Amino acid sequence: MEIKILGPGCKNCELLEKVTKQVIDELAIEATIEKVTEYEDILSYGVMSTPGLVVDGTVILNGRVPTPRALRELIQSR
Amino acid sequence: MSTSLNLKKPVPKSVAVRRVGFLVGGWVLLYSFNEQLWDWLFFDLAGWDSQNRVVSSAHFLLYDLSKISILLTGITFAVTFIQSYISLEKTEKYLGGKREGLGHVIAAVLGTVTPFCSCSSVPIFIGFVGSKIPIGITMTFLIASPLVSEIALFMLLALFGWQIAVLYAVAGLTVSIIAGYFLGSIKAERWIEPFVFERRKAATGTVTLRYSIDHRREMAIDEAKAIYRKLIPYVLAGLVVGAAIHGWIPAETFTGLLGAENPFAVLMAVIIGIPIYANATGVMPIFEALYARGVPVGTLLAFMMSVIALSFPEMMMLKRVMKPQLLAMFAGVVALGIITVGYLFNWIL
């Protein structure tokens, strides 16, 4: 699973990374996590409100940091 | 292209609604009985003398701290919950066709209610421009958002009554509308970095999530806890300053320096407020104390707005898209607007 975290590096982006790592570990999924911090790249995904989460090329959420429970369900449903 | 995804409900809707109901009910009880609780603890249970200066200071500090804490967590919860229904993407679509004038009013209101992280300011700027939303309207949106803080609004409502809350909202909206309109009218495009206007390749597609009520409840609780942890140092600092103002700083300082007699009071308040960036809630105890000491409301609102309006981190981010002249004008127009509003309110009240 290829995960990208979109955001210039503010607190919310870091929180999203933390929650994502937590959920990945809980679900025991093999995944790489990459941070995308340049605005050009973030915008190329069609994301305006950071932070954003991209899984295997698709933006699955953006704008707010989800709770672990919600993220778990989102990732499992893929 | 954007698709929608509904997250499965973790619990039935009725359970989710009931949970929220209990939270709200519990909060209302806590808030209503808070003062009586402290009175009882200090004066009945412990039997301390309310005339004693140390006792009354301690009582005030604990009561005010708990009151603001309860308010802050409750308001953050409610605001986060409601805002979970509002998305930036919907807002952008809605602003798409609007023209100058009315578009500014709508942008100001939407800027206030639409939640977004300040680090999104740049993508929003670029995104709005890309959607052919006029620059002035984009500016109004970006100014209104930090300037009219929903949390500050409800805190003012709870602590000082609806009149002051309405004044604040009107002041903030007006400043952002006029500032944005002005910046749009001087063709601010010429001071914006060219890359903002470049055509972008089509987006790969976003998914709009629909959270269930229970998810929203959870997010709102998380946010309330996080905001509380972040703001409590400011609140404590504000309380200490507020207590000092209450008890120890002589009355003349207020009537003289900050009071109605000093024609420069508003100007000073704004100049002091701009370099300080704090959250509006931290300023509340100071606001309370100054208000009790008779400092005019216009001056107080101007101070609060200048503290929360322009933040250094946001300015640094906007620097990437705005050339220095525009950035300076941006800050200047907002400051001028706040000063004007401060004087206006002092005059009409």
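The values are calculated or read from the model by the stated rules, or taken from the named source; none is laboratory data. Quick caveat, the model's predicted, so the values are computed rather than measured. FYI the Cβ positions are ideal-geometry reconstructions off the backbone, even for glycines, and counts take in every protein chain you see.
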Pairs where the first residue, in the stretch B:125-140, is within 14 Å of chain A (Cβ to nearest Cβ) and the second is surrounded by fewer than 22 Cβ atoms within 10 Å (Cβ to Cβ) and among the acidic types (Asp, Glu), C-beta under 6 Å, 6+ apart:
B:131/B:92
Test result for residue A:54, touching a Lys or Arg at 6+ places or on another chain (Cβ under 6 Å) and touching a residue at least 40 places away in the same chain (Cβ under 8 Å)
yes
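Yes/no per residue for (1) modelled with pLDDT under 85; (2) of a type outside the set (A, V, I, L, M, F, W, C):
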position	(1), (2)
B:270	no, no
B:280	yes, no
B:293	yes, yes
B:296	no, yes
B:299	no, yes
B:307	no, no
B:321	no, no
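Here's the yes/no breakdown for (1) at pLDDT 90 or above; (2) closer than 19 Å to residue B:87 by Cα; (3) within 9 Å of chain A (Cβ to nearest Cβ):
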| position | (1), (2), (3) |
| --- | --- |
| B:189 | no, no, no |
| B:201 | no, no, yes |
| B:215 | yes, yes, yes |
| B:220 | yes, yes, no |
| B:223 | yes, yes, yes |
| B:227 | no, no, no |
| B:231 | no, no, no |
Quick one: which helices (runs of 4 or more DSSP H) lie wholly within the stretch B:235-349 and hold at least 1 residues that are in contact (Cβ under 8 Å) with a residue 40 or more places away in the chain and more than 14 Å from every other protein chain (Cβ to nearest Cβ)?
B:265-273, B:280-292, B:297-309, B:324-348
Considering the stretch B:12-59 alone, what residues qualify as being at pLDDT below 90 and not in a helix (DSSP H, G or I)?
B:46, B:47, B:48, B:49, B:50, B:51, B:52
Single residue of B:94, B:31 found to be in contact with a Leu (Cβ under 9 Å, 6 or more places away or on another chain), touching a residue at least 12 places away in the same chain (Cβ under 8 Å) and within 14 Å of another protein chain (Cβ to nearest Cβ):
B:94
Hey, residue A:23 among the aliphatic types (A, V, I, L, M), assigned to a loop (DSSP other than H, G, I, E, B) and over 9 Å from the mean Cα position of the chain (by Cα) or not:
no
Of the residues in the stretch A:56-72 that are farther than 14 Å from residue B:6 by Cα and assigned to a loop (DSSP other than H, G, I, E, B), the one that is farthest from the other protein chains (Cβ to nearest Cβ) is A:56
Quick one: residue A:6 ticks every box in (1) in contact with a Leu (Cβ under 8 Å, 6 or more places away or on another chain); (2) within 8 Å of another protein chain (Cβ to nearest Cβ) bar one, so which box is it?
(2)
Based on this model, can you work out whether residue A:75 counts as more than 10 Å from chain B (Cβ to nearest Cβ), among the aliphatic types (A, V, I, L, M) and buried (at least 19 other Cβ atoms within 10 Å of the Cβ)?
yes
Please enumerate the residues belonging to the stretch B:97-112 that are closer than 13 Å to residue B:145 by Cβ and away from chain A (no Cβ under 14 Å).
B:107, B:108, B:109, B:112
Residue satisfying condition, being under 30 Å from residue A:61 (Cβ atoms), loosely packed, with under 14 Cβ neighbours inside 10 Å and in contact (Cβ under 8 Å) with a residue 24 or more places away in the chain, within set B:109, B:79, B:113, B:15
B:15
Taking the stated definitions as given, is residue B:334 buried (at least 18 other Cβ atoms within 10 Å of the Cβ) and under 29 Å from residue B:166 (Cβ atoms)?
yes
Out of curiosity, is residue B:122 touching a helix residue (DSSP H, G or I) at 6+ places or on another chain (Cβ under 6 Å), surrounded by fewer than 19 Cβ atoms within 10 Å (Cβ to Cβ) and within 14 Å of another protein chain (Cβ to nearest Cβ)?
no
Which residue pairs have Cβ atoms closer than 7 Å, lie 6 or more positions apart in sequence or on different chains, and pair a first residue in the stretch A:25-49 that is at the interface with chain B (Cβ under 10 Å from one of its Cβ atoms) with a second residue that is part of a helix (DSSP H, G or I) and among the polar types (S, T, N, Q)?
A:48/B:120; A:49/B:120
